[in-house]
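The values are calculated or read from the model by the stated rules, or taken from the named source; none is laboratory data. Every value quoted in this text rests on a predicted model; they were computed, and no experiment measured them. Glycine gets a Cβ as well: all are built from the backbone with ideal geometry, and neighbour counts include every protein chain shown. Surface accessibility is based on the protein's heavy atoms, side chains included, excluding ligands, DNA and RNA. Shrake-Rupley method; radii C 1.70, N 1.55, O 1.52, S 1.80 Å.
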Amino acid sequence: MGLMARIMGLATITGNQNAASQHKMSQQTTITLPPTAQGIAQAADILRRGGLVAFATETVYGLGADARDAGAVAAIYQAKGRPSFNPLIVHVPDIAQAQHFADWGDQAQALARRFWPGPLTLVLPLRKGHGLSSLVTAGLDTVAIRVPAHPLARQLLQAFGGPVAAPSANPSGRISPTTAAHVHQGLDGKIAAILDAGPCQVGLESTIIGFTPRPVLLRAGGVPTEQIEATLGGLSLTRPTGDEITAPGMLSSHYAPQARMRLNAQKAAPGEVLLGFGAMPCDLNLSATGDLGEAAANLFDHLHSLDKLGRPIAVAPVPWDGLGAAINDRLQRAAAPR
Ligand code: TXA
Ligand code: MG
């Protein structure tokens, strides 16, 4: 942290009560907290006072608020400029806590056992007496729940001791954040703090599974669909086509850079920058060796970087297997007409 940021940070630490309790104010000083015991304690404290804290998870940075506090949850929608019909994921430290908020079947249990903590979200019927703000579920009778794997997220959830509602920490519709710098770019002045733990390892949002009561894939993500299917005894899930809106948040234009995007490009047209995949000449490469895990981890960061150049972005073809399905889903939405 630079000296100026440090001084500003300290100034707000003392004035923190202020920042948190006035979370409805649109302008505040956003401080960066280190991933230390003290930083985590301070982040938990801000959450307790109804403030907003962005924090690292293994997928993307989340923008957290106390999921039981309607004012705090409303502030998330406000900071992101998010349409109010789009419900949020509730983050908890373990399965036992998740069971306070939702009703469970055997298939949900099997998936939770296999993939939690990790990049999987389950959409389940709300349990009676759940205590969550109805703004979290946007009035639905189901709730999306996830137990993140990132040690920092886990420590924050434990220190806070309650459910944390957290969408990705980006302005609504824009590229998701995989570093604290991305969060600053999008939300500086609109949130109390960012708990910085470096770049996210997975780099794609969680896979979302709903139950109707048959399991359905609502969003491809960090756990490849094939692994979900194998855990459910080899049944095959219907894949979202990219056109339909499955999760309410799956608007077709999403994850969008400012620049125009063109997919499945073999090379850059004049004026374009090229985002490559596999060994090829390009401006930035998702993975020169064609590794889909590496490509997922680089995806949003590379889009943020190329977007800064202010030129149209051409993207090389990415295979659809494994994490490739989720990468292609995000690319299609980023390139969708808006
Ligand atoms: O990896 C992730 O999932 C990240 C990190 C921060 O955990 N979070 C994230 O949240 O991607 P967000 O808000 O960007 O995406 C949540 C998605 C939205 O598409 C929303 O519509 C859907 O989950 N969702 C939430 N509650 C739902 C519900 N009850 N039924 C169906 N979809 C739901
Ligand atoms: Mg998002």
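With a point put 7 Å past each Cα toward its Cβ, work out how far Arg48 is from Ser305 in nm, to one decimal.
Calculated label separation equals 4.1 nm.
Within the accessible area of the chain, what % is carbon and sulfur when the probe is 1.4 Å and the other protein chains stay in place?
Ligands and nucleic acids excluded, carbon and sulfur give 55 percent.
Full-extension gain between His100 and Gln158, please, as 0.36 nm times their residue separation minus the C-alpha to C-alpha distance.
Going from the current span to full extension adds 19.3 nm.
In what sequence, largest accessible area first, do Ser168, Ser134 appear using a 1.4 Å probe?
Listed by decreasing accessible area, they come as Ser134, Ser168.
Just need the relative contact order of segment 261-335 here, percent rounded to a whole number, with Cα pairs under 8 Å and 6+ apart.
Taking the mean separation of contacting Cα pairs over the length of segment 261-335, I get 39 percent.
Would you mind calculating the relative contact order of the chain from Cα pairs under 8 angstrom and at least 6 residues apart, reporting the percent as a whole number?
Answer for the chain is 19 percent.
Compute the distance from the alpha-carbon center of segment 291-326 to that of segment 95-128, in whole Å.
Spelled out, the Cα-based centre of one part sits 30 Å from the other.
Starting from the 7 Å offset along Cα-to-Cβ, what nm value, one decimal, do you get for the label separation of Ala41 and Thr238?
If labels sit at Ala41 and Thr238, their model points lie 5.2 nm apart.
So how far apart, in nm, are the two label points at Arg338 and Ala288 if each is 7 Å from Cα heading toward Cβ?
3.1
In deg cm²/dmol and to the nearest 500, what is the mean residue ellipticity at 222 nm of the chain if only DSSP H runs of at least 4 residues count, each as -39500 (n - 2.57), divided by the residue total?
Calculated from helices alone, the mean residue ellipticity at 222 nm is -9500 deg cm²/dmol.
Could you give each residue of segment 207-221 its phi-based ³J(HN,Hα) in whole Hz, using Karplus coefficients 6.51, -1.76, 1.60 with θ = phi - 60°, and x for Gly or Pro?
Ordered by residue, 3J(HN,Hα) equals 6, 10, 10, x, 9, 10, x, 5, x, 10, 7, 8, 8, 5, x Hz.
By how many nm would the segment from Ala269 to Arg114 grow when fully extended, if each residue of separation counts as 0.36 nm and the alpha-carbon distance is taken off?
Here the segment from Ala269 to Arg114 would lengthen by 51.3 nm.
Report the full-extension gain for the segment Glu229 to Arg262: residue separation times 0.36 nm, less the Cα-Cα distance, to one decimal in nm.
Length difference between fully extended and current span is 8.7 nm.
With θ taken as phi - 60° and the coefficients 6.51, -1.76 and 1.60, list the Karplus ³J(HN,Hα) couplings across segment 141-149 in order, rounded to whole Hz; mark glycine and proline as x.
9, 10, 9, 8, 10, 9, 10, x, 9
What fraction of the DSSP beta bridges in the chain is antiparallel, stated in percent and rounded to the nearest 5?
The antiparallel fraction comes to roughly 45 percent.
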